Structure formats: structure tokens, C-alpha cells
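The values are calculated or read from the model by the stated rules, or taken from the named source; none is laboratory data. Quantities reported herein were computed from a predicted structural model and do not represent experimental measurements. Counting neighbours? That spans all protein chains shown, and the Cβs are built from the backbone with ideal geometry, glycine included. Areas reflect the complete protein model, heavy atoms only, side chains present, ligands, DNA and RNA absent. Shrake-Rupley method; radii C 1.70, N 1.55, O 1.52, S 1.80 Å.
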Amino acid sequence: MFQSPTVRATRALLMGMIGALAVALAALGGCAAIGGGATHNAAPPATSITTCSQVQGFAGAPALSLPHLQFPAGTVAQPPQASGGGNGQYRVNAYLACAPDTDTNLTVRTGKGPEPFLKLAQFYGWAPWNHFPAGGGAQAACSGSCLAFNAEDPSKGWFLGTPGFLALSDVVEVGKGVVTFNLRVTAPPPRPDCAWLPSGGPAPQYSIWYDQAAGIQYPPDTISSPDDTMSTTGSVQCSPGTLAAVKEFMDHQLAAAGYTSDPCQAYDCWKKGAVVVSLQLTSAAQWFIFIPRVLPTP
């Protein structure tokens, strides 16, 4: 049957479109649903990043070296961002770092075999800890994985020496064995002359908590020692910073724990139910907390 040139061209175009559709359907068939409808996609191409110098922001970055810590060989970091460091506060240094030839555990190759960074740190005097002084003052719930340095009894917040704190977060593998991470570490505030410290007997302890159950903390880097009397349970403290900073810190802690200010003579008193806490604020280097004892009825 005779067909005009226009009809023949239209028919050829239609057949070409049908052929292209068949090829596309065949290609989709190669991505058949697997396990409940999920589609299988081609694996992305392998990354070309094999060194930290290839990661944006790390070209020429200096080696990361911090006291009492060991990082994977070749770890580098950008200059730290500092925060906190106010009156009687910790200074917090935040590092963005990069480690080559490791994994997301930041495994360190040691003479005794590979060890994850957080586990290896415990050989250098660090212990697991659930808090971090993110603002330089009071401890807050840990964001990431946290450790404390010099801890004598982490469950009670007692330390043998000046406490240090570390928070590790945002550990990401960005290349073949190349890992970036955020690390925050504290530096202590200047310590005052705690002239009252006894030369004999049990040594006073660096203490985090005044009342751990109530969540009441001491100011950063406080040294505390028992100072009981016949009628009170008490302690004497030495804290960095000014007396005004100590008062502001403790007033905030007591108020947050549900105590209300209860004026009493020369003391700074706080009351919650039948409990009255008295602060005798003489100086930051020597201040007292007392709670009246319940004395037996004669």
C-alpha cells in the first residue's frame, strides 16, 4: 500500500521511540526490587582521599599533641577555638582534627598492638565520665564520649589532683582510612593560695559535687575538706576566682536544686523543706558549708 513520505517518517519515529522505551525498561529490570521493595543502586566510586592534607582545611595543619594523650600517628588539627575561661572557670579548647591510616575508633598502633583512642587514654590516667563543663563552669551532660583526668572515684566526683576533662564527638571517615573528629579539652583556672590546707592527716580532695543526688556542684577546681562541728555537718573549700564568683555559682546551684534563699545573720542560707544549708563566705580561698545536725532529744 502506498504511504506518503510524511506517514513513513512518522511511523519510523514511532518505532524508534518504542525501541528506546524497551531499552529503558530493560535497564530498570536490572535494578529489580530486593528484600521488600528496596532498590539496589550502584556503589559510589571509591574516594580519592588518602591523606589529611587532601581534606579541606587541613593542608599544612600542625600535628596534634596534648599532655597525657596519644593519637594515631600523623594526626593534625586546626588551631583550637577557645571558650570559657572567665572568673574561676575552665578554659575549653575545641580542636577540629584529622587522623590518617585509622578508623572511627581512632585506633592507635602501639608497641603492644592496636588500641582504640578512648581505651588507650585510660592508661594515661583518664577515666570514663558522663559530664563536661561546656561553658567553662558547671558540668553538663556529656555530648559525645567523655573522659576525666586524675579521677580518684568518678562515681563520687573525687579527684586526686587538678581535674581535666575531654569530650570526643563527630568522628567521621572522610576517605580511605582518613578520619576527622572534634575534640574539646579543658585547662584549669589559676589556683589561689589555699593556706588552710593541713600538712598532716587525710589530704583534701578536689571535688566536683557538693550533693550529687541533688545535682549541686562546687565551682570548678574546688578543693574540699570536712569541717564538722558538734551541731553541724560541714566542709571548708578553696576555689579559684573571686568570692563574688563563688557566691554566684553556689546560689545558682542551690536555686536550681529547689532551695530558696533564707536570710540568716552573717551567712548565706538556703532552705528546702526542713533542710537549711548555710554558706559562710569569707574568701574564695576559704569558705564553708554547714548543715545543722538533728540532735537527740535529752
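For Glu173, are the conditions met, namely being among the charged types (D, E, K, R) and at pLDDT 95 or above? Full working, then the answer.
Numbers: among the charged types (D, E, K, R): yes; at pLDDT 95 or above: yes.
Considered against the rule, which asks whether it is among the charged types (D, E, K, R) and at pLDDT 95 or above, Glu173 comes out as yes.
For segment 156-176, which positions are open to solvent by 40 Å² or more (accessible area, probe 1.4 Å) and under 17 Å from the mean Cα position of the chain (by Cα)?
Once the filter is applied, which keeps residues that are open to solvent by 40 Å² or more (accessible area, probe 1.4 Å) and under 17 Å from the mean Cα position of the chain (by Cα), segment 156-176 yields Asp170, Val171, Val172.
So Asn105 passes all but one of these: (1) among the polar types (S, T, N, Q); (2) open to solvent by 30 Å² or more (accessible area, probe 1.4 Å); (3) within 30 Å of Ala244 (Cβ to Cβ). Which condition number does it fail?
Answer for Asn105: the failing condition is (3).
State whether one or more residues within segment 183-201 are open to solvent by 10 Å² or more (accessible area, probe 1.4 Å), within 21 Å of the chain's Cα centre (by Cα) and either farther than 19 Å from Gly241 by Cα or of a type in the set (D, E, K, R) (or both).
yes
Residues of segment 88-135 being in contact (Cβ under 8 Å) with a residue 60 or more places away in the chain, in contact with a Pro (Cβ under 8 Å, 6 or more places away or on another chain) and of a type in the set (D, E, K, R), which ones?
Arg91, Asp101
Would you be able to say whether some residue in segment 117-133 is open to solvent by 30 Å² or more (accessible area, probe 1.4 Å), farther than 22 Å from Val172 by Cα and charged (D, E, K, R)?
no
Considering only segment 234-296, give the strands (runs of 3 or more DSSP E) lying wholly within it that have at least 3 residues that are out of contact with any Lys or Arg (no Cβ under 7 Å at 6 or more places or on another chain), within 16 Å of Ala214 (Cα to Cα) and among the aromatic types (Phe, Trp, Tyr).
By residue number, no strands (runs of 3 or more DSSP E) qualify.
Within segment 214-222, can one find any residue that is surrounded by 15 or more Cβ atoms within 10 Å (Cβ to Cβ) and part of a strand (DSSP E or B)?
Within segment 214-222, one or more residues are surrounded by 15 or more Cβ atoms within 10 Å (Cβ to Cβ) and part of a strand (DSSP E or B).
Look through Thr229, Thr260 and report the one residue that is touching a helix residue (DSSP H, G or I) at 6+ places or on another chain (Cβ under 9 Å) and either open to solvent by 60 Å² or more (accessible area, probe 1.4 Å) or closer than 23 Å to Ala195 by Cβ (or both).
Thr260
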